[in-house]
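Structure record follows, encoded as structure tokens.
Every number here is computed from the coordinates shown, using simple stated rules; none is lab data. These numbers were taken from a predicted model, which means no experiment stands behind them. Cβ placement follows ideal geometry from the backbone for every residue including glycine, while neighbour counts extend to all protein chains displayed.
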Amino acid sequence: MHRGKGMKFVGDSRIPAERKPNIPKDYSEYPGKTEAFWPNFLLKEWMVGSVFLVGYLCLTIAHPSPLERVADPTDTGYLPLPDWYFLFLYQLLKYTYASGPYNVIGGFIIPGLAFGGLMLAPFIDRGPKRRPLERPFATGFMMLSLAAIIFLTWESVDAVDWKAKEAQGAIVEEAAIDTNSDGFKIYQENGCINCHGDTLSGGAAAPSLVGTGLTPEEIAEIAKNGKGSMPPGMYKGNDEDLVKLSEFISTLEAE
Amino acid sequence: MLNKIYDWVDERLDITPMWRDIADHEVPEHVNPAHHFSAFVYCFGGLTFFVTVIQILSGMFLTMYYVPDIKNAWESVYYLQNEVAFGVIVRGMHHWGASLVIVMMFLHTLRVFFQGAYKKPRELNWVVGVLIFFVMLGLGFTGYLLPWDMKALFATKVGIEIAASTPLIGHELKVLLAGHPDIVGAQTLTRFFAIHVFFLPAALLGLMGAHFIMIRKQGISGPL
């Protein structure tokens, strides 16, 4: 760098008037097969990047990102599950001595020690040796943590009923319901509304009645004799009303 | 033509030293997969950065449609997913990118750890890297709430309860995140949006800048 007297500037600015040549460094005398980053290595990096991007886009096309139904804070039957990379922390909170009165252990002390240890690794593992086998404690603790993360994630995934999970969040189709019709009044009076809901879209205990694709006779049959977790004899009215009710339900179609 | 433009700018701003600083650095043989295939483990850091760039770009496009308000958030995401041209691809890239960035960052962390590359004089860069890891987890956590679907709301409630179990400052942390001592609602959504889109990305860019400057200053760690 030029210093002292004799410096020339561009105009009244502080930019030196003397141009520096824009040429790459010479790497030929560097040890081994050292390469210049620009442009030699960057071109290869871009090739790796393109292959990666193709895989990434295939994943995106094959599995569109999920969207469940709109958040309903009143639906207390919903069982939440965090994103997969938080599952190990979530699973930890299910064990007796890491939850309830010991919540602070599972929610704070164990993760705090693990992540704190990770952050301070260079100040704990201070020796000059770098090979994994020459620093058994560092390698051992990391292997142990990895095993714990994999085990906890596995346990968490294993405990989930994925079919039920998909069903509980599915977007429910809604129908325009005439709440003044005879059918809806019968629906209300017989207590169907308690489980199937005021929009007939179901709930935690019962499926949706919108767009069932069933005939009125089939619906009448279910109303009298039950189906699945619905016990028989839920409908207590007369046969004439049952016809009205089942016709009302069978005509419900999503908008 | 391009050279003339370059020279014109260079004469006024002296950009050559800056440009040579960015472009000129060596790639030693032991990190170059073209010479030793096992050196592909050195790609994980770069791929993390690559996915981060995709996250920033796709996120910018998502905010063109997304509305951070409890009445419209879900509707806007539904519209984006089902009506907007390529909306499903952009949202899909942002969704899967969130997972990929965690995977790549995790592999990068393991590479650095098992090679002992964090040892003197690179301790500070390791600490900054772990901070980047935390920021990424924070981005994942706050981004989860934004579509305002069932999963978003209830997973966030769990997350906020965990945050509330922090000793001493638990309650304050919960109110800071949720905007209310009891309700996870409108305030929470706008707060998470602000944290996800402004606060954490700002922290991330600063930390990544520090990460890269330190690598450039110290050079990559030598072969084992």
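Which residues, taken from the stretch B:118-155, are touching a Lys or Arg at 6+ places or on another chain (Cβ under 8 Å) and closer than 17 Å to B:LEU47 by Cβ?
none
Could you grab me the full set of residues in the stretch B:117-147 that are more than 8 Å from chain A (Cβ to nearest Cβ), farther than 30 Å from B:ASN72 by Cα and of a type in the set (Gly, Ala, Ser)?
B:GLY129
Out of everything in the stretch B:158-191 that is assigned to a helix (DSSP H, G or I), of a type outside the set (S, T, N, Q) and in contact (Cβ under 8 Å) with a residue 60 or more places away in the chain, what residue ends up being farthest from the other protein chains (Cβ to nearest Cβ)?
Looking at residues that are assigned to a helix (DSSP H, G or I), of a type outside the set (S, T, N, Q) and in contact (Cβ under 8 Å) with a residue 60 or more places away in the chain, I get B:ALA186.
Please verify whether B:SER99 is free of Cβ contacts under 8 Å to residues at least 12 places away in the same chain and more than 8 Å from chain A (Cβ to nearest Cβ), treating the condition exactly as stated.
It is false that B:SER99 is free of Cβ contacts under 8 Å to residues at least 12 places away in the same chain and more than 8 Å from chain A (Cβ to nearest Cβ).
Could you tell me which of the residues A:ILE61, A:ILE109 is farther than 30 Å from B:TYR78 by Cβ, β-branched (Val, Ile, Thr) and assigned to a helix (DSSP H, G or I)?
Testing whether each residue is farther than 30 Å from B:TYR78 by Cβ, β-branched (Val, Ile, Thr) and assigned to a helix (DSSP H, G or I) leaves just A:ILE109.
If B:GLY87 satisfies all but one of (1) within 9 Å of chain A (Cβ to nearest Cβ); (2) over 18 Å from the mean Cα position of the chain (by Cα), what's the number of the condition it fails?
With (1) within 9 Å of chain A (Cβ to nearest Cβ); (2) over 18 Å from the mean Cα position of the chain (by Cα) applied to B:GLY87, the lone miss is (1).
Before we move on, is A:ILE149 of a type in the set (A, V, I, L, M) and in contact with an Asp or Glu (Cβ under 7 Å, 6 or more places away or on another chain)?
For A:ILE149, the condition - of a type in the set (A, V, I, L, M) and in contact with an Asp or Glu (Cβ under 7 Å, 6 or more places away or on another chain) - is not met.
Please count how many residues of the stretch B:22-54 are facing chain A (nearest Cβ under 7 Å), part of a helix (DSSP H, G or I) and over 14 Å from the mean Cα position of the chain (by Cα).
The qualifying residues number 3.
Kindly indicate which of B:MET150, B:MET208 is surrounded by 13 or more Cβ atoms within 10 Å (Cβ to Cβ) and under 30 Å from B:HIS36 (Cα atoms).
Residue meeting the stated conditions: B:MET208.
Got a sec? Which of A:ALA164, A:ALA148 is more than 12 Å from every other protein chain (Cβ to nearest Cβ), touching a helix residue (DSSP H, G or I) at 6+ places or on another chain (Cβ under 8 Å) and in a helix (DSSP H, G or I)?
So the residue among A:ALA164, A:ALA148 that is more than 12 Å from every other protein chain (Cβ to nearest Cβ), touching a helix residue (DSSP H, G or I) at 6+ places or on another chain (Cβ under 8 Å) and in a helix (DSSP H, G or I) is A:ALA148.
I want to confirm something. Restricting to the stretch A:235-248 and keeping residues that are hydrophobic (A, V, I, L, M, F, W, C) and within 11 Å of A:TYR187 (Cα to Cα), which single residue is surrounded by the fewest Cβ atoms within 10 Å (Cβ to Cβ)?
Within the stretch A:235-248, the match that is surrounded by the fewest Cβ atoms within 10 Å (Cβ to Cβ) is A:LEU242.
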